[in-house]
Amino acid sequence: MEFATFADRVAAIDAESADLEIVAHVRDLFEDAGDDLPVVARFVQGRVFPAWDSTTLDIGPNTCYEAIARAAGTNVAADDVEERLAERGEIGDVAASYDFGGQQGLGAFTGGGGDSTGSGDDLTVREVDDTLTELAAAEGAGSQDRKVDLLFGLFNRCSSSEARYLARLVLSEMRIGVGEGTVRDAIAEAFEVPEDRVERALQVSNDYGQVAQVARDEGVSGLDGIELELGRPVQAMLAQAGTVTDALEEWDEAGVEWKYDGARIQLHHDPGGQTRVFSRNMEEVTDALPEVVEFAAETLDEPVILDGEVVAIDEDGSPLPFQEVLKRFRRKHDVAKAREDVSVRPVFFDCLHAGGEDLLEVPLTSRHERLESVLAAGPDRDQDPAEVDGLSLLWLTDDPGEIEAIDADALAAGHEGIMLKNPDSAYSPGRRGKNWRKRKPDVDTLDCVVTGAEWGEGRRATFLGTFELSVRDGDELETVGKVATGITDEKLEELTELLDPHIAAEEGQNVELEPAVVFEVGYEEIQASPTYSSGYALRFPRFVGVRYDKDPEEADTLERLRNLQ
Ligand code: AMP
């Protein structure tokens, strides 16, 4: 396809605002693209390379301005291009405003491969693709000059309309309203294949060009045959904010995991081949994270794609804040030195592929079992899951108390809180659906007086565990709930020491306390309830901390509780 034809079609799309019409234009474009279909399917989205490919053109706007200036004539400098950009606000308009063609020079003979005289020399989509691929590959000394030359060679052969879309393409500013959904629908319409099958193939391959071509040449069975490939990243499944209340209402049981405060990673490991690590945006970060590569080499003995988080840790292995991971994550130089300052460790929570089998459509619980067996490979196959290095534990429960305990443990261990996951759900790449929920932070917290407690059981028999909470109502204290915390032993010991002197009465495991200590607690909801003397109950209360600075007289009141409800 000639690049001029492509540019005309794209201009028509650019002028259209109705979604259905846009899909129809893209469909027609695909039908007419012939051998260039894979390239056209990417270009129309403003992509030069497939989404899974980390290759970039690696050119800044200045390189583009310089190439445009050179193609525009001897009297034009990159500064003029920038000035016009400031006036017009959009690089496509600027590029279209010059009269290109006929400029001689090195680039005119090297770029694009045509006869390069600028007139009557039709640029093709294929030539643009080849030249941009060559440009991306230019490396080392003189590579920036080479890039300008190549780009100049292209602009020099462009009409005004071609220049508009070439400039937008190379600066990733296509902006013609063609998103991923448009391309999916256009492929489905053009080649008469069901949208959901196109969608699946796109999710698995992250390659719009390949999917368009397979849909056209091989139909549905071809699409269904597209599988995950080691070394090709998949879009990460994303989470919504949500509450325990909703999770337990919608699912029989909730899958509960710790939420690690790090950076998302996707590990592709082939024991006989390569190990590659990708970011949440599918950018390759392998070289920045040698610990992850070493972990894979030591632990994994089958080909896998794992989803997880890389966390910065201190010398004791305790997690450090997210900012510390960032010091490591995209680092290109001095990685060994950076590693001495901050080390990282991976924690995996999902398994997308193992031993030749794609697992995206398998339920979470089965994927997690597979994950566990993959990570527990080697001599210790029968390990306790809690001992399996690099495994994020998944608890299944419908018991709110247990969820609170997991949440409290996660916070006490220095993590962010919990994730709630639908145990039956598939892995949906790129989706921010309801099947994964990060627990919403507390909207508000209450300062409650601790008026009772229970001695723990077994190993925790010498610690006070479940704490009764009350609010003030005039001179009285009225109960509103209990926090059953899964706080660490150290924390329980500290709280027991704090409360022990205030024990007023004991009966069995139950302890009555004089009002002395104030806890700050978060909650999801305040409900009217006959269970407690205040007439209200805190739904999913969680322990935030002790208000050492507050006396019981300063705790929150029943009136505030009513207002918050
Ligand atoms: P947010 O970045 O706040 O939208 O939260 C979602 C992110 O939490 C994910 O993209 C992961 O990077 C991270 N995360 C940490 N722990 C987990 C986990 N157990 N399961 C899923 N995502 C997790």
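The values are calculated or read from the model by the stated rules, or taken from the named source; none is laboratory data. Only a predicted model underlies this, so the values are computations on that prediction, with no experimental measurement involved. In this analysis, Cβ positions are derived from the backbone assuming ideal geometry, glycine residues included, and neighbour counts consider all displayed protein chains. Accessible surface is based on the protein model in full, side chains and every heavy atom, while ligands, DNA and RNA are left aside. Shrake-Rupley method; radii C 1.70, N 1.55, O 1.52, S 1.80 Å.
Points to keep in mind about this one:
- Ranking A51, N156, F540 by Cα position along the charge dipole of the chain, where only Lys, Arg, Asp and Glu carry charges on their C-beta atoms, puts N156 farthest toward the positive end.
- Each Lys or Arg adds one and each Asp or Glu takes one away; over the other residues whose Cβ falls under 12 Å from the Cβ of S143, this sums to -3.
- Residues of the stretch 272-290 falling in the label zone of D334, defined by backbone nitrogen less than 19 Å from a point 7 Å along Cα to beta-carbon, are 287-290.
- GluC sites (Glu not before Pro) within the stretch 312-416, DSSP loop, no more than 14 other Cβ atoms inside 10 Å: E315, E361
- 5 angstrom amide H check on A236, placed H, neighbours 5+ away: G430
- Placing unit charges on the Cβ atoms only, positive for Lys and Arg and negative for Asp and Glu, gives the stretch 445-564 a dipole magnitude near 520 debye about its Cα centre.
- The stretch 238-439: relative contact order in percent, alpha carbon pairs under 8 Å with at least 6 residues between: 33 percent
- Scattering profile of the stretch 445-564 at q = 0.10 Å⁻¹ [log10 I(q)/I(0), Debye over alpha-carbon scatterers]: -0.27
- The average projected area of the chain, computed from the convex hull of its Cα atoms over all directions, is 32.7 nm².
- Among the chymotrypsin sites (Phe, Trp or Tyr not before Pro) in the stretch 9-62, none is located in a DSSP loop while being surrounded by at most 16 other Cβ atoms within 10 Å of its own Cβ.
- Placed amide H near V517: partners under 5 Å, 5+ positions off or other chain: V450
- For the residue pairs K332/K438; K327/K421; K327/K434; K421/K491; K327/K491; K440/K482, the alpha carbons lie more than 26 Å apart in K332/K438; K327/K421; K327/K434; K421/K491; K327/K491.
- Accessible area per residue in Å² at 1.4 Å probe, computed on the chain: 45 Å²
- Rounded to the nearest 10 Å², the accessible area of T286 at probe 1.4 Å: 20 Å²
- Part-to-part distance (alpha-carbon centres) for the stretch 28-71 and the stretch 437-502, which is given in Å: 60 Å
- Dipole magnitude of the chain, debye to nearest 20 (Cβ charges: Lys/Arg +1, Asp/Glu -1, about Cα centre): 1640 debye
- Given charges at Cβ of Lys, Arg, Asp, Glu: the chain dipole, positive-most of T365, G414, I91: I91
- Sequence-separation-based contact order of the chain, relative, with Cα cut under 8 Å and 6+ spacing, percent: 11 percent
- Angle between the chain longest axis and helix 61-72 axis [Cα atoms, degrees, rounded to 10]: 10 degrees
- Close amide H pairs (under 5 Å, H built 1.01 Å from N) link I265 with G308, E309, V310, residues at least 5 positions away or on another chain.
- Residues in the stretch 450-455 carry Karplus couplings, in order, of 8, 10, x, 7, 10, 5 Hz; the curve used is 6.51 cos²θ - 1.76 cosθ + 1.60 with θ = phi - 60°, and Gly or Pro positions show x.
- Placing unit charges on the Cβ atoms of the charged side chains and taking the dipole of the chain about its Cα centre, the candidate lying farthest along the positive direction among G272, V204, G181 is G181.
- Share of carbon and sulfur in the accessible heavy-atom surface of the chain [1.4 Å probe, %]: 42 percent
- Our note on the geometry: Cα centres of the stretch 137-172 and the stretch 306-361, 37 Å apart.
- Taking other residues whose beta carbon is less than 11 angstrom from the beta carbon of Y98, and scoring Lys, Arg as +1 and Asp, Glu as -1, yields 0.
- Straight-line reach from K337: taking Cα to Cα under 18 Å and skipping same-chain neighbours fewer than 8 places apart, the aspartates and glutamates in range are D287, E291, E294, D314, E315, E324.
- For the stretch 140-189, trypsin sites (Lys or Arg not before Pro) meeting the loop criterion (DSSP other than H, G, I, E, B) and having at most 15 other Cβ atoms within 10 Å: R175.
- Net charge of Cβ neighbours under 10 Å - reference V211; Lys, Arg +1; Asp, Glu -1: +2
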